[in-house]
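The values are calculated or read from the model by the stated rules, or taken from the named source; none is laboratory data. Quick caveat, the model's predicted, so the values are computed rather than measured. In this analysis, Cβ positions are derived from the backbone assuming ideal geometry, glycine residues included, and neighbour counts consider all displayed protein chains. For the accessible areas, the whole protein counts, side chains as well, though only heavy atoms, and no ligand, DNA or RNA atoms are used. Shrake-Rupley method; radii C 1.70, N 1.55, O 1.52, S 1.80 Å.
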Amino acid sequence: MTNILQKIETDKAPAAIGPYSQAVIIGELLYTSGQVPIIPETGAVLEGDILAQTALVCENLGAILAAAGTDFGKVIKTTCFLADMADFAAFNSVYEKYFTEKPARSCVAVKGLPRDVLCEVEAIAYLQK
């Protein structure tokens with residue numbers, strides 16, 4: 001059986017920290033794995049507040065989008081996870097600078113995130129041929 005998923009990998013975003021891909025393409029859609037504020041060059045979590053961590057998460061997502069040949073303007077849906085809903089407004093203040101087309105979104109607070117980070121974001125994007 002032929003694998004219908006095309007895996008996307010870039011060293012400009014953190015390597016997967018588990019048994020998954022940074023992103024996969026099927027048809028004309030890109031599905032990213034959740035990105036957390038890990039510094040790609042070192043694998044270390046970025047120490048900092050929600051503003052700094054959100055910016056790095058978005059930069060990491062942008063690198064994956066670029067590796068797949070798309071960009072933030074073609075993101076159609078995101079799912080956002082916050083360690084604390086009290087960070088919602090600060091998170092949004094950074095998020096809106098990247099996702100200017102305002103894709104559909106879910107945003108929830110969770111009990112915990114990998115490596116005790118403050119936020120995680122995954123995206124689905126359209127691949128315009």
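Over the Cα atoms of the chain, how large are the radius of gyration and the largest Cα-Cα distance (Dmax), in Å?
For the chain, the Cα radius of gyration and maximum Cα-Cα distance read 14.0, 47 Å.
Remind me, relative contact order of segment 23-87 in percent, using alpha carbon pairs under 8 angstrom and six or more residues apart?
Computed value for segment 23-87: 23 percent relative contact order.
What full-extension length gain, to one decimal in nm, is calculated for T79 and E41 as 0.36 nm per residue of separation minus the Cα-Cα distance?
Difference between extended and current length: 11.2 nm.
Averaging sequence separations of C-alpha pairs under 8 Å and six or more residues apart, then dividing by the length of segment 1-117, give the relative contact order as a whole percent.
This gives 23 percent for segment 1-117.
Of A13, A89, A109, which has the largest mean-square fluctuation in a 10 Å C-alpha GNM of the chain?
A89
Where does each of F91, F81 land when they are ordered by accessible area, with a 1.4 Å probe and the largest first?
F81, F91
Rounded, prolate or oblate for segment 25-101? Axes are the square roots of the Cα gyration tensor eigenvalues, ordered a ≥ b ≥ c, and the cut-off for rounded is a/c under 1.5.
Judged from the Cα gyration tensor, segment 25-101 comes out oblate (a/c at least 1.5, b/c at or above a/b).
Which whole-Hz couplings ³J(HN,Hα) result when phi for each residue of segment 96-104 is put into the Karplus expression 6.51 cos²θ - 1.76 cosθ + 1.60, θ = phi - 60°, listed in order with x for Gly and Pro?
So the Karplus estimates, Gly and Pro as x, are 5, 6, 9, 9, 5, 7, 6, x, 4 Hz.
So who's got an amide H within less than 5 Å of the one on A109, skipping anything under 5 residues away but keeping other chains? H placed 1.01 Å off N, in plane.
L82
Once ligands and nucleic acids are excluded and a 1.4 Å probe is used, how much of K7 is accessible, expressed in Å² to the nearest 10?
Approximately 120 Å² of K7 is accessible to the 1.4 Å probe.
Could you please state how large a percent of the accessible area of segment 2-78 is carbon and sulfur, counting protein chains only and using a 1.4 Å probe?
57
With θ set to phi - 60°, apply the Karplus curve 6.51 cos²θ - 1.76 cosθ + 1.60 along segment 107-118 and write out the HN-Hα couplings as whole Hz, x wherever there is a Gly or Pro.
9, 10, 8, 10, 5, x, 10, x, 6, 6, 6, 8
For segment 84-129 and segment 22-71, compute the distance between their C-alpha centroids and round to whole Å.
Using only Cα atoms to place each centre, the spacing works out to 11 Å.
Can you compute the helix-only [θ] at 222 nm over the chain? Use -39500 (n - 2.57) per DSSP H run of at least 4 residues, normalise by all residues, nearest 500 deg cm²/dmol.
-7500 deg cm²/dmol
Just the isolated ones, please: cysteines in the chain lacking another cysteine beta carbon under 4.7 angstrom.
Lone cysteines by the Cβ rule: C58, C119.
Short version: ³J(HN,Hα) in whole Hz for each residue of segment 62-72, in order, from phi by Karplus 6.51 cos²θ - 1.76 cosθ + 1.60 (θ = phi - 60°), x for Gly and Pro, what are they?
x, 5, 5, 4, 4, 4, 8, x, 10, 7, 4
Have a look at the DSSP beta bridges in the chain and tell me what percent are antiparallel, nearest 5.
In the chain, DSSP labels about 75 percent of beta bridges as antiparallel.
Under 17 Å from the Cα of K97, which lysines turn up, not counting those fewer than eight places away in the same chain?
Excluding near neighbours in sequence, the set is K74, K77.
Just going by the charge dipole of segment 27-112, with Lys and Arg at +1 and Asp and Glu at -1 on Cβ, which of L56, I38, A89 is farthest out on the positive end?
Checked the options; the winner is A89.
Roughly how many nanometres apart are two label points built 7 Å out from the Cα toward the Cβ at Q128 and E28?
1.1
Could you report the accessible area of T100 in Å², rounded to 10, computed with a 1.4 Å probe on the protein chains as they sit in the structure?
Accessible area, nearest 10 Å²: 90 Å².
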